[in-house]
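The values are calculated or read from the model by the stated rules, or taken from the named source; none is laboratory data. None of the values given here were measured: they were computed from a predicted structure. When we count neighbours, we look across all protein chains shown, and the Cβ atoms used for this are built from the backbone with ideal geometry, even at glycine.
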């Protein structure tokens, strides 16, 4: 039997790790179906990366990320408290700036999301990925704020009387929150008619470059960045689909939608700004097979399934990461507040310790592979699909092999029936069998080598 190219055995594992069943086109009947169809089209066309305007190696990480509404780290920001509920467990509140715009403020000297989210958002923006910007400021001076705004809002959400929840509050009282973080959202509008604006990481497979969406290279680079940051709290609400200014169509759809990272607070962990445990989080489930994972993180990585990374995606991630100097990284961790946060472990107060772990993770990305190219991965998907098999994320190789074997045995029995019926000349039966074996060449390779073997 002719042996197939060696790369194909690895390519099959891509299918096991990354290929999700494609959704059927939504029916045009009914508002829910129409909404789903529009959302699918928006996801397919979504972009998520652009070449950084400033090379990452020249970014000053001591400053907040530039953009509309940028605030300097030395700023003292005045605002007026808003009784608006929030989601999540970290201390936060909303208030109105003098210009009338509303901001979200995260605060608290013992809140690990503040340094983690500031650092993560500065990194992702510097690399060119679409992300909301988190501004670390000297203080927020909130007029009308309760002494403990997050607890007061939580109290109200539980249905307690306002007089009880808002004790100590007055219209003239000014609460001062030092080293607070202000959220500046990515410039763009919510897209009408797509329902939930959030997106889950398993939905990245729906992005289609043929429909204007990001390339497989860009998507895979983003996946690696997320694993490096240990971004496990990646539920759909922590990402957003937005339409940049000037890209809206008359029907409310968007010409060039963007998949934005919204909340990166649960990073550098798993316990958020958690040095010893972050150091232990692996980049790969299998480095030889280039299978990235978050399975060791809380909720087994949330919406991020194990995924086979293309060589082009790995190369782009490395290109961006390796432009950063140790000095830049030290500045990033120092300016984001890592050294000032009350860590349990003394080493975590040293920015160099965080830089060392960061660079080791970059080395792990560099030591993996070589990965299959995006073209080879696509061919592998098509080969398996030719047998009518479309495994979902995490499908064990043995399960796919069993299904493939069942199909092969069915085809052999079918050939035998055709032979007995006289449809196939006996002298040509062996040729038919050999041809069938070539179509099912994957069965000639042991299951364990579907994962390990590479080009």
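Filtering the range 74-88 to residues that are touching a helix residue (DSSP H, G or I) at 6+ places or on another chain (Cβ under 9 Å) and loosely packed, with under 15 Cβ neighbours inside 10 Å leaves 84, 85, 87. Filtered by the rule that a residue be out of contact with any strand residue (DSSP E or B) (no Cβ under 9 Å at 6 or more places or on another chain) and either farther than 12 Å from residue 443 by Cβ or at pLDDT below 80 (or both), the range 386-401 gives 386, 388, 389, 390, 391, 392, 394, 395, 396, 397, 398, 399.
Tally up the residues in the range 395-429 that are touching a residue at least 40 places away in the same chain (Cβ under 8 Å) and surrounded by 15 or more Cβ atoms within 10 Å (Cβ to Cβ), please. Residues meeting the conditions: 4.
Every test in (1) modelled with pLDDT of 85 or more; (2) closer than 25 Å to residue 373 by Cα is passed by residue 412 save one, and that test is (2). Every condition in (1) farther than 25 Å from residue 246 by Cβ; (2) under 15 Å from the mean Cα position of the chain (by Cα); (3) surrounded by fewer than 22 Cβ atoms within 10 Å (Cβ to Cβ) holds for residue 224 except the one numbered (3).
The single condition among (1) out of contact with any strand residue (DSSP E or B) (no Cβ under 8 Å at 6 or more places or on another chain); (2) assigned to a helix (DSSP H, G or I) that residue 370 does not meet is (2). Scanning the range 99-127 for residues that are touching a residue at least 24 places away in the same chain (Cβ under 8 Å) and buried (at least 20 other Cβ atoms within 10 Å of the Cβ) yields a total of 20. Among the residues making up the range 187-220, those that are modelled with pLDDT of 95 or more, touching a strand residue (DSSP E or B) at 6+ places or on another chain (Cβ under 7 Å) and closer than 24 Å to residue 116 by Cα are 199, 218.
Take residue 233 and decide whether it is assigned by TED's automatic domain parsing to the domain that holds residue 38, more than 18 Å from residue 267 (Cβ to Cβ) and assigned to a loop (DSSP other than H, G, I, E, B). So residue 233 fails the test.
Would you call residue 241 in contact (Cβ under 8 Å) with a residue 60 or more places away in the chain and assigned to a strand (DSSP E or B)? Yes: the conditions hold for residue 241.
In summary, residue 68 fulfils each of the numbered conditions (1) over 23 Å from the mean Cα position of the chain (by Cα); (2) modelled with pLDDT of 95 or more with the single exception of condition (2). Here the helices (runs of 4 or more DSSP H) wholly within the range 252-364 that include at least 1 residues being within 30 Å of residue 190 (Cβ to Cβ) and in the same structural domain as residue 239 (by TED's automatic domain parsing) are 311-321. Looking at 302, 265 in this structure, which one is touching a helix residue (DSSP H, G or I) at 6+ places or on another chain (Cβ under 8 Å), modelled with pLDDT of 95 or more, surrounded by fewer than 22 Cβ atoms within 10 Å (Cβ to Cβ) and closer than 30 Å to residue 108 by Cβ? Selected residue: 302, the only one of 302, 265 that is touching a helix residue (DSSP H, G or I) at 6+ places or on another chain (Cβ under 8 Å), modelled with pLDDT of 95 or more, surrounded by fewer than 22 Cβ atoms within 10 Å (Cβ to Cβ) and closer than 30 Å to residue 108 by Cβ.
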